[in-house]
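The values are calculated or read from the model by the stated rules, or taken from the named source; none is laboratory data. Because the structure is predicted, anything quoted here is derived from the model rather than measured. As a convention, Cβ positions derive from the backbone with ideal geometry for all residues, glycine included, and neighbour counts pool all protein chains shown. All accessible areas refer to the heavy atoms of the entire protein, side chains included, with ligands and DNA or RNA removed. Shrake-Rupley method; radii C 1.70, N 1.55, O 1.52, S 1.80 Å.
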Amino acid sequence: MKLVIAQMKHETNTFSPVPTPLARFAAGRPLPAEGSDVRDAFKGTGTAIGAFIDLADKAGAEAVFPVAGNAAPSAPVDNDAYEAMAGRIVDAVAKGCDAVLLDLHGAMVTRTYDDGEGELLGRIRKVAPDVPIGVALDMHTNLFPAMGQLATVIAGYQTYPHVDMYQTGARAARPIFSLLNGKIRPQMAYGHRPMLPHVMRQSSLDSPNKEIQARAREMERLGALSASFFVGFPHADIPYAGSSAVVVTDGDAAKAREWCDELLDMAWNAREKFVYQVEPLEKSLQRAKDMHGGPVMLLDHYDNCASGGTMDTMAVLGAILEAGLEDVAAFAVFDPQAVEQMKRAGVGARVTIPLGGKLEMPALGLKGKPLRVTGNVRRIVSGIYRNEGPMARGELADLGTAAVLDTGKVEIAVISRHVEPHDIGSFKALGIDPAAKRYVMLKSRVHWRAGLGPLAKAVVECAGEGVCTSDYSQLKFRRLRRPVYPLDPETRPSV
Ligand SMILES: [Zn+2]
């Protein structure tokens, strides 16, 4: 048995100014891994491709690894980056294989294609019309019909924060192995509801997504080969941004359809609970100031790099400094220039630098606004570490060269590559203990809860500035299919 196993992951924020070249798909190396490097990088990790490798080994299958690339969310993928990765995958399939296992995101937009994943599957189908294709997807998939039509089996994460990447890989791959062994005949149904659940209301730790994902898991206990509800990724101006579901059964198309519709109806009926109300920043910080004990997590949710944020807007950090909050750790400001300046000044030096605000955000009509900050250069580190988990356990993470700027009241992490703080490793790499802090500012919305949630005594959501804005009226949608709830409150459920 010969398998092609590949990873090509990117969640595209079409409003983001952060570029997406091929190098962004690599961590701890200049370009994405290929060949035996993929096995070395992902064997034993808590990722979907890690599960593919384990299951292939267990089945005694031969596997080839054309590419494994995973980029932090940002603007549409550069065409040459997409062609390099998709080209390698299609070439490998064209050489002949019994099945293809893909670790994709599901919300990849390129400079040319709205549906990066559907385009890839279309190209694979051209060279191998009948080959079984198993696909693991992120819960933030914006599902185009091509994916539902061309894949053999789709399984999506059932958790947000995403702590079930490995299990999702297994849910996508196992039916493919059973199919190859002649034991099952997968039947897949997919569908949509015209709604954009707010990211701040999407966590599977909270209602209503908690109940929807629990029902999907129950369907799998009742016999579905996989059942997935996708909350969708709203910061994408493409026709199919929003909610969808996929259910795969063994030979029972009607049951797959029924269960898929049930998940979609659950989401639609709970649509008002997926709406988020923004609190003004001043009010949030006043609440934080009045709290006792810590750490209090201050979420800079308009500028989350794991949704395409520049990670360099300074509105929330500026307000924290101005409010005089003490004993704060802030993770992180993306500013390679500032890191370079601090490196030149050296550890222990006192510096005054323009921090952050280097990237403009033309899609939102926002200019970059650096903040002049004075502090001591506390540490300079290489910024490479392995995630401790539970999210993407064992996967290499890369902050680039990173520095800690200590203002006396606030320890600010300054980094050269975009990484969302979802793992305690991101703080350890910088020599900061967040548990010992009164306040921890995080450029994160939900994923921080994976690795840092247990530390939090309280959480305050801080509305700042950025391309991951929680005020969706700032997003100028032109290509999104309308009507869609809640942008169009009178939207009806039929698509
Ligand atoms: Zn996601």
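Listed conditions (1) open to solvent by less than 40 Å² (accessible area, probe 1.4 Å); (2) away from the ligand (no atom under 16 Å from the Cβ) are all met by Gly451, apart from (2). A Cβ distance below 6 Å, combined with a sequence gap of six or more or placement on separate chains, defines the contacts here; from the range 237-258, residues that are β-branched (Val, Ile, Thr) reach residues that are in a helix (DSSP H, G or I) in the pairs Val247/Ala256; Val247/Trp259; Val247/Cys260; Thr249/Lys255; Thr249/Ala256.
Looking at (1) touching a helix residue (DSSP H, G or I) at 6+ places or on another chain (Cβ under 7 Å); (2) open to solvent by 30 Å² or more (accessible area, probe 1.4 Å); (3) part of a loop (DSSP other than H, G, I, E, B), which is the only condition Lys369 fails? The single condition Lys369 does not satisfy is (1).
Taking the range 169-198 as the range and being touching a Phe, Trp or Tyr at 6+ places or on another chain (Cβ under 8 Å) and within 25 Å of Ala270 (Cα to Cα) as the test, the residues that pass are Ala189, His192, Arg193, Pro194, Met195, Leu196, Pro197, His198.
Reported count of residues in the range 1-39, each being among the basic types (Lys, Arg) and either touching a strand residue (DSSP E or B) at 6+ places or on another chain (Cβ under 6 Å) or part of a loop (DSSP other than H, G, I, E, B) (or both), is 3. Pairs are defined by a Cβ separation below 6 Å, a sequence spacing of at least 6 or placement on different chains, a first member in the range 189-212 that is on the phi < 0 side of the Ramachandran plot, and a second member that is in a strand (DSSP E or B) and among the polar types (S, T, N, Q); the pairs so defined are His192/Ser244.
Tell me, please, whether a residue that is open to solvent by 30 Å² or more (accessible area, probe 1.4 Å), at pLDDT 95 or above and in a loop (DSSP other than H, G, I, E, B) can be found in the range 116-128. Within the range 116-128, not a single residue is open to solvent by 30 Å² or more (accessible area, probe 1.4 Å), at pLDDT 95 or above and in a loop (DSSP other than H, G, I, E, B). Within the range 104-122, residues that are among the hydroxyl-bearing types (Ser, Thr, Tyr) and more than 15 Å from the ligand (Cβ to nearest atom) have Cβ atoms under 7 Å from residues that are at pLDDT 95 or above and open to solvent by 10 Å² or more (accessible area, probe 1.4 Å) in these pairs: Thr110/Pro76; Thr110/Asn79; Thr112/Asn79; Tyr113/Glu119, counting only partners at least 6 apart in sequence or on another chain. The residue pairs whose first member lies in the range 154-171 and is open to solvent by less than 10 Å² (accessible area, probe 1.4 Å) and more than 10 Å from the ligand (Cβ to nearest atom), whose second member is aromatic (Phe, Trp, Tyr) and not in a loop (DSSP other than H, G, I, E, B), and whose beta carbons are closer than 7 Å, counting only pairs six or more residues apart or on different chains, are Gly169/Phe52. Quick check on Ser226: is it of a type in the set (S, T, N, Q) and under 30 Å from Phe427 (Cα atoms)? Against the criterion (of a type in the set (S, T, N, Q) and under 30 Å from Phe427 (Cα atoms)), Ser226 does not qualify.
Restricting the range 409-428 to residues that are among the hydrophobic types (A, V, I, L, M, F, W, C) and open to solvent by 10 Å² or more (accessible area, probe 1.4 Å) leaves a set whose member that is farthest from the chain's Cα centre (by Cα) is Ile424. Applying the condition of being aromatic (Phe, Trp, Tyr) and not in a loop (DSSP other than H, G, I, E, B) to the range 454-495 and asking which residue is surrounded by the fewest Cβ atoms within 10 Å (Cβ to Cβ) yields Tyr472. Checked against the criterion of being open to solvent by 20 Å² or more (accessible area, probe 1.4 Å), among the charged types (D, E, K, R), within 16 Å of the ligand (Cβ to nearest atom) and within 28 Å of Glu395 (Cα to Cα), the candidates Arg174, Arg201 yield just one match: Arg201. Kindly establish whether Asp98 is open to solvent by 40 Å² or more (accessible area, probe 1.4 Å), of a type in the set (D, E, K, R) and touching a strand residue (DSSP E or B) at 6+ places or on another chain (Cβ under 7 Å). Yes, satisfied. Among the residues of the range 315-331, the one identified as out of contact with any helix residue (DSSP H, G or I) (no Cβ under 9 Å at 6 or more places or on another chain) and buried (at least 24 other Cβ atoms within 10 Å of the Cβ) is Leu317.
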